[in-house]
Amino acid sequence: GLQQEVTAQPVNDNPCGAVVLTPNVGCVNTAGTNVAATATSTTGLPGPGCANYSGGDVWYRVTVPASGQVTVTTSTVGGSALTDSGMGFYTAATCAGPFTLVSCNNDIIPVFNQMSTLTYAGAVGTVLYVRVWERGNNAFGTFNICATAPAPPPTNDNPCGATALSVGAACTFTSYTNVGTTNSAISVTPTCGNFGAGSMDVWFSFVAPATGIAIIETQAGTMTDAAMALYYDDPPLNCNGPFTLVECDDDLGPGLMPFISFTNLVPGGTYYIRVWGYGTATGTFGLCVHAPTTMPAGQCVYMLQLYDSFGDGWGSSSVGISINGGPATNYSVNGSYNIALIGLNIGQVLIVSYTASGPNQGQNNYRLGYYPGGTTIFSSGTPPVAGTVFTQVITCQPPPPSQSDCLGG
């Protein structure tokens, strides 16, 4: 007589044979079939309650990743007989059950896409059992299935994961992102940048150097309108706060990017930088922290401040500082602002010169003053005059501040 061919049941015909799906940011399909699948009769398994379940199911298993969310989607394979699926999510301690029905889906888009999809948001590490069948169990063939999940948030999503930054001698931008982050529940809310519940922030930290100076610059990336807040972590240190809000800035940097600079921070103090996009904007951005980190030797200290209004640096232009006619030390800026500290002794002769070799001189200016205190000794104006512009015999006695200055107000 004729011998009848028997088709083997799929390996994932029951929950304990469930095929493991690995969540990816994009869909990476796994081939599936309901050919020869049978109805699952595991004790304590509720019916899915949608898509006319009539048996012939197959099973998959997926674990909720670090993002706390996972989506499982079925799709057709060209020429396949399975074009109308149903899907159910279940939780269970083991593959033997008992099972709890989480959700069920019939069509991705009724009539237009009769395959199925489900999304689960919950505790990281939750194991979901995924039940797939053909609506009515009257068509058999292959299909595709995949699990997708958002990328996990950056490690510096909150202050306790803040990226530690070193205070460099010059600004060296590093690119960061606030894409995929969350809104941090910190008690001191920023007062700028249209910060709200939908603002996605990232965190950085640094230790203020012995000079108490820190210059925090940002650079536009795919996010061109960011905001930034500086916090002080009052002792005893605790990354969960409470923090003191030192400054909040929206647009003082180039374009619509923020900029913060202080010369009176607590030496050795821990500070946090919070960056977000204006309102709810997300994207990449550059960030650097720089400053003189040690006090120079001398009976008094002058502070040289260099500015670039466009924020792209001076190029080859520089300020030369010569002591007693010796070789000049040249100072420049590669971002929007830089500070140099110059140690001096009584009786020395200070000579200040400017080299105007870089482009866009109308964006440049600099100022020389006492540190601390800030009393101005010389201001260049814009554009700065080239050549030797200022000479002084050092007395370490600052002149009285002008009544037009805030110090003499």
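Between Leu252 and Thr329, what FRET efficiency follows from the Cβ-Cβ distance if R0 is 30 Å, with the result rounded to 0.05?
Computed FRET efficiency for Leu252 and Thr329 comes out at 0.60.
Using each residue's phi in segment 160-173, evaluate 6.51 cos²θ - 1.76 cosθ + 1.60 at θ = phi - 60° and report the 3J(HN,Hα) Karplus result to the nearest Hz, with x for Gly and Pro.
My calculation for segment 160-173 gives 6, x, 3, 6, 6, 10, 9, 7, x, 6, 9, 6, 10, 5 Hz in order.
At q = 0.09, 0.11, 0.13, 0.14 Å⁻¹, what log₁₀ I(q)/I(0) does the chain have when each alpha carbon counts as one equal point scatterer in the Debye sum?
The calculated log intensity ratios at q = 0.09, 0.11, 0.13, 0.14 Å⁻¹ are -0.70, -0.86, -1.05, -1.14.
Jot down the per residue volume, in cubic angstrom and as a whole number, of the convex hull over the alpha-carbon atoms of segment 1-114.
Cα convex hull per residue, to the nearest whole number: 148 Å³.
Give the shape of segment 212-347 as rounded, prolate or oblate, defined through the alpha-carbon gyration tensor: a ≥ b ≥ c are the square roots of its eigenvalues, a/c under 1.5 means rounded, and otherwise the shape is prolate if a/b is larger than b/c and oblate if not.
In terms of gyration-tensor shape, oblate.
Of the options Gly279, Ala92, His290, report the single residue whose Cα projects farthest towards the positive end of the charge dipole of the chain (beta-carbon charges: Lys, Arg +1; Asp, Glu -1).
His290
For the pair Ala356 and Ala93, how long in nm is the line joining their label points, each one 7 Å along Cα→Cβ?
8.3
Calculate the dipole size of the chain relative to its Cα centre from +1 charges on Lys and Arg beta carbons and -1 charges on Asp and Glu beta carbons; express the result in debye to the nearest 20.
Charge dipole, the chain, about its Cα centre: 360 debye, nearest 20.
With a 1.4 Å probe and all protein chains left in place, how much of the accessible area of segment 33-79 comes from carbon and sulfur atoms, in whole percent?
Carbon and sulfur atoms account for 50 percent of the accessible area of segment 33-79.
So who's got an amide H within less than 5 Å of the one on Tyr337, skipping anything under 5 residues away but keeping other chains? H placed 1.01 Å off N, in plane.
Result for Tyr337 returns Asp308.
With a Förster radius of 45 Å, plug the Cβ-Cβ distance of Thr126 and Thr294 into 1/(1 + (r/R0)^6) and report the FRET value to the nearest 0.05.
0.30
For Val246, what charge total do you get from the other residues with a beta carbon under 13 Å from its beta carbon, if Lys and Arg give +1 and Asp and Glu give -1?
So the environment of Val246 carries a net charge of -3.
Before I look further, what does the chain give for accessible area per residue, probe 1.4 Å, in whole square angstrom?
That works out to 45 Å² for each residue.
Return the distance in nm (one decimal) between the two label points of a simple spin-label model at Thr189 and Phe140, each offset 7 Å from Cα along Cα→Cβ.
6.1
For Thr181, what is the net charge nearby, where nearby means another residue's Cβ is under 12 Å from its Cβ and Lys, Arg count +1, Asp, Glu -1?
Taking every other residue near Thr181 into account, the sum is -1.
Using a 1.4 angstrom probe on the protein heavy atoms only, could you order Thr33, Thr172 from most to least accessible area? Kindly include the intermediate steps, with their values, before the conclusion.
Working: Thr33 45, Thr172 105 Å².
Sorted by accessible area, descending: Thr172, Thr33.
In whole percent, how big is the carbon plus sulfur part of the accessible area of segment 261-409, probe 1.4 Å, protein atoms only?
53
Just to verify a number: what accessible area does Tyr231 come out at with the full protein assembly present, 1.4 Å probe, Å² rounded to tens?
It works out to around 0 Å².
The values are calculated or read from the model by the stated rules, or taken from the named source; none is laboratory data. Source: prediction; values computed, not measured. As a convention, Cβ positions derive from the backbone with ideal geometry for all residues, glycine included, and neighbour counts pool all protein chains shown. Just the protein is used for accessible areas: all its heavy atoms, side chains included, with ligands, DNA and RNA removed. Shrake-Rupley method; radii C 1.70, N 1.55, O 1.52, S 1.80 Å.
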